[in-house]
Amino acid sequence: MKTPRDFIQEWMDTVCLNDSNSIASLYKEDAVLLGTLDKSVRKGRGLVKEYFDFFVKLKPCGKITELVEEDYENGRFCVVNGTYDFNLTENDEQVVAPARFTFVLERIGTKWMIQSHYSSKQP
């Protein structure tokens, strides 16, 4: 089974594919997302996908710059906090958007799923 760290890297690799369906598939059906470039609280995979439909238009790809994980309930849940830098394309120019994140992961069988994801631009 992947470690939470491996799963977060898988999430980033999936975001870099710019396919909102693939990204949304990493979230539980009832997941909550507070996206980096969004004012809304999105609950449910459909609304999560809607956010990523918008986000992938910016051709995001990034790298994780720091990560701290804490396991709960004998490894059934994990909270992963950290920072990442996203390269985005805005007005045909590449910009870097440093951001911080919190993921709440739930282990379902042998794989991790995102229950909650918060991300905001670095101050």
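The values are calculated or read from the model by the stated rules, or taken from the named source; none is laboratory data. All figures in this text were calculated on a predicted structure; none of them were measured in a lab. Neighbour counts run over all protein chains shown; Cβ positions are idealised from the backbone, glycine included. Ligands, DNA and RNA are excluded from the accessible area calculation, which covers all protein heavy atoms including side chains. Shrake-Rupley method; radii C 1.70, N 1.55, O 1.52, S 1.80 Å.
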If we count every other residue with Cβ under 15 angstrom of Ala97's Cβ, Lys/Arg +1 and Asp/Glu -1, where does the sum land? +1
Taking only Cα atoms, what is the 0 to 90° angle, nearest 10, from helix 45-55's long axis to the longest principal axis of the chain? 30 degrees
I'd like the carbon and sulfur percentage of the solvent accessible area for the chain, probe radius 1.4 Å, heavy atoms only, ligands and nucleic acids excluded. 49 percent
Would you mind checking the radius of gyration and Dmax of the chain based on alpha-carbon positions, in Å? 13.7, 47
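Ignoring ligands, DNA and RNA, what accessible area per residue does the chain give at 1.4 Å, in Å²? All intermediate terms of the calculation are to be shown ahead of the outcome.
Working: 6740 Å² over 123 residues.
Solvent-accessible surface per residue comes out at 55 Å².
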Helix 4-15: angle to the longest alpha-carbon principal axis of the chain, degrees 0 to 90, nearest 10? 30 degrees
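Out of all DSSP beta bridges with both ends in the chain, state the antiparallel percent to the nearest 5. Show your work: numbers first, answer last.
On the way: 37 of 41 bridges.
If we restrict to bridges inside the chain, about 90 percent are antiparallel.
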Using the alpha-carbon centroid of each, what span in Å lies between the stretch 73-123 and the stretch 1-70? 6 Å
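Dipole size in debye (nearest 20) for the chain around its Cα centre, Lys and Arg Cβ +1, Asp and Glu Cβ -1? Before the final figure, lay out each step's value.
Numbers: 16 positive and 19 negative charges, 48 e Å.
With only Lys, Arg, Asp and Glu charged at Cβ, the dipole is about 240 debye.
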P(r) over all Cα-Cα pairs of the stretch 8-47, 5 Å bins from 0 to the longest distance, whole percent per bin, short to long, reads 6, 24, 26, 31, 12, 0
